[in-house]
Amino acid sequence: MSRAIPQYASFRSIGAYAPEKILSNFDLEKMIDTSDEWIVKRTGIKERRIAALDESTSDMATKAAKIAIDRANLSTDDIDLIVCATVTPDYFNMPATSCIISEKLGIRDVQAFDISAACSGFVYALSVAKAFIESGMKQNVLVIGAEKFSSIVDYNDRGTCILFGDGAGAAVISATDKEDEGFVDIHASADGSYADFLITPSPGSVNPMSQKALDEGLNFVQMKGNETFKLAVKTLTKDVKEILAKNEINSEDIPHFIPHQANYRIIKAVGDALKMREDQVVVTVDKYGNTSAASIPMAINDLYESGNLKYGELMLLDTFGGGLTWASALLPFSGK
Ligand code: UT7
């Protein structure tokens, strides 16, 4: 279908949900051989949120989505596509978590599917929303990043359990004919040769659910932390340099740099390499830990709720995660 007036994808609103329960470093000291001092020094994390046992990924996502739809001044009937980025879905095979979210939101006839790109999932989902809107196929896309990482973390593994937390963030991406409200650029990529850097080996077609898999703990996330750390710094920096150069934008002109919240040392190293001032860089890793696909929308929501994200201001998103996947995006905030 060719359109007389081109339509652009605009970032209309943001919402987020963080579960009530806080798991602090001091709580972890009682569970494993670690210390608040070590965790803060090596990661910048002080606490993370943990979903209730009966609280699912779709429950958290639905709460974030309701806020985002409300702030976009839309009703659920206006949403014509739901894309949920998650690697901790309600069910590992089917149905998709986005279908369950559609039901919880009371939307009956809507295209809905999930994206699996680990921590890069939200930015990957934004690229999908952009393509659907610019092609004229959809008008209002609900993009969600939601994770219940506590459901795949081994709380005996001090290399991973100190890092991850639960939560959800959601955004409404709408069609606009105003070019200056539209996404400037998105770049998303992957390299499967590093698939074993971050992996949950079971359940799946390689290791279907079995007692043996459970006994070996294959249902838990496994991470090559140090190797992932080094690649993250290198890739995140390179990705941002490329997107800025391509769009002829200087890093000092970006009001809001919102990197994936995996480790403060990664954020600091990337920020320094890009010569970002502290006031440009959004940091929430201290209070939420790494919430994977939810990390960037939760950080945008914190910025918005602090009153520091205004209509027209440019956001630079940058993320890296299992796959390995990475992505960056340049887009103005077009909400009120
Ligand atoms: O979101 C997706 C991307 N994920 C990431 O980007 C995660 C990247 N990785 C990291 O954030 C870091 O690698 C970790 C925080 C996971 C680990 O920090 P590190 O500085 O790379 O530590 P390390 O693995 O090199 O371990 C250093 C030492 C080891 O002891 P020895 O061998 O030197 O005696 C570990 O056993 O620290 C020890 N250690 C700990 N000590 C206290 C590892 N974890 C802990 C812990 N508490 N929780």
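The values are calculated or read from the model by the stated rules, or taken from the named source; none is laboratory data. Here the structure is a predicted model, which means the values were calculated and not measured. So basically every Cβ, Gly included, is an ideal-geometry build from the backbone, and we count neighbours across all protein chains shown. These area figures cover heavy atoms from the full protein model, side chains too; ligands, DNA and RNA do not enter into them. Shrake-Rupley method; radii C 1.70, N 1.55, O 1.52, S 1.80 Å.
The relative contact order of the chain, computed from alpha carbon pairs under 8 Å that lie at least 6 residues apart in sequence, is 27 percent.
Based on DSSP H segments of at least four residues, each scored -39500 (n - 2.57), the chain has a per-residue ellipticity at 222 nm of -9000 deg cm²/dmol.
Ranking of MET60, MET223, MET94, MET137 by solvent-accessible surface, largest first: MET94, MET137, MET223, MET60 (1.4 Å probe, protein heavy atoms only, all chains present). Can you give me the angle between helix 121-134 and the longest principal axis of the chain, using Cα atoms only, in degrees from 0 to 90, rounded to the nearest 10? The angle comes out at about 20 degrees. The largest accessible area among LYS178, LYS130, LYS246, LYS336 belongs to the first residue in LYS336, LYS246, LYS178, LYS130, and the rest follow in falling order (1.4 Å probe, all chains). Basic side chains Lys and Arg get +1 at the Cβ, acidic Asp and Glu get -1 at the Cβ, and with that the dipole of segment 81-204 about its Cα centre reaches some 280 debye. The GluC sites (Glu not before Pro) of segment 11-62 meeting both criteria, a DSSP state outside H, G, I, E and B (loop) and at most 10 other C-beta atoms within 10 angstrom of the site's C-beta, are GLU20. With all protein chains in place and a 1.4 Å probe, the accessible surface of the chain carries 51 percent carbon and sulfur. Contact order, relative form, for segment 185-332: 35 percent (alpha carbon pairs under 8 Å, 6 or more residues apart, mean separation divided by residue count).
Taking Cα centre as origin and charging only the Cβ of basic (Lys, Arg, +1) and acidic (Asp, Glu, -1) residues, the dipole magnitude of segment 8-180 rounds to 240 debye. Spherically averaged projected area of the convex hull of Cα atoms, the chain: 16.8 nm².
For the chain, the longest principal axis of the C-alpha atoms and the axis of helix 225-246 are separated by about 10°.
Considering only ILE133, ILE249, ILE22, the mean-square fluctuation computed in a Gaussian network model of the chain, springs between alpha carbons under 10 angstrom, is largest for ILE249. When the convex hull of its Cα atoms is viewed from all sides, segment 139-244 shows a mean projected area of 9.6 nm². Counting only DSSP beta bridges with both residues in the chain, the antiparallel share comes to about 70 percent.
In the context of the full set of protein chains, residues of the chain present 44 Å² of accessible surface per residue (probe radius 1.4 Å, heavy atoms only).
Ranked by solvent-accessible area (1.4 Å probe, protein heavy atoms only, all chains present), the residues ARG71, ARG265 order from largest to smallest as ARG265, ARG71. For TYR8, the solvent-accessible surface with a 1.4 Å probe is about 50 Å², rounded to the nearest 10. Here, segment 75-199 yields an orientationally averaged convex hull projection of 9.2 nm² when only Cα atoms define the hull. Distance between the C-alpha centres of segment 283-333 and segment 98-122: 19 Å, rounded to the whole angstrom. Compared with the dominant principal axis of the Cα atoms in the chain, helix 264-273 is inclined by about 50°. Straight Cα distances below 26 angstrom link LYS310 to the lysines LYS63, LYS66, LYS130, LYS138, LYS178, LYS241, LYS246, LYS268, LYS275, LYS287, LYS336, with same-chain residues fewer than 8 positions distant left out.
Rolling a 1.4 Å probe across all protein chains gives SER127 an accessible area of roughly 40 Å². Apply the Debye scattering formula to segment 207-280, with a single equal point scatterer on each alpha-carbon and no solvent, then give log10 I(q)/I(0) at q = 0.11 Å⁻¹. Log-scaled intensity ratios, in q order: -0.42. Rg and Dmax, both from the Cα atoms of segment 185-332 and both in Å, are 17.0, 55. Just the Cα atoms of segment 259-336, one point each, no solvent: what log10 I(q)/I(0) does Debye give at q = 0.22 Å⁻¹? Here the Debye-derived log intensity ratios amount to -1.13.
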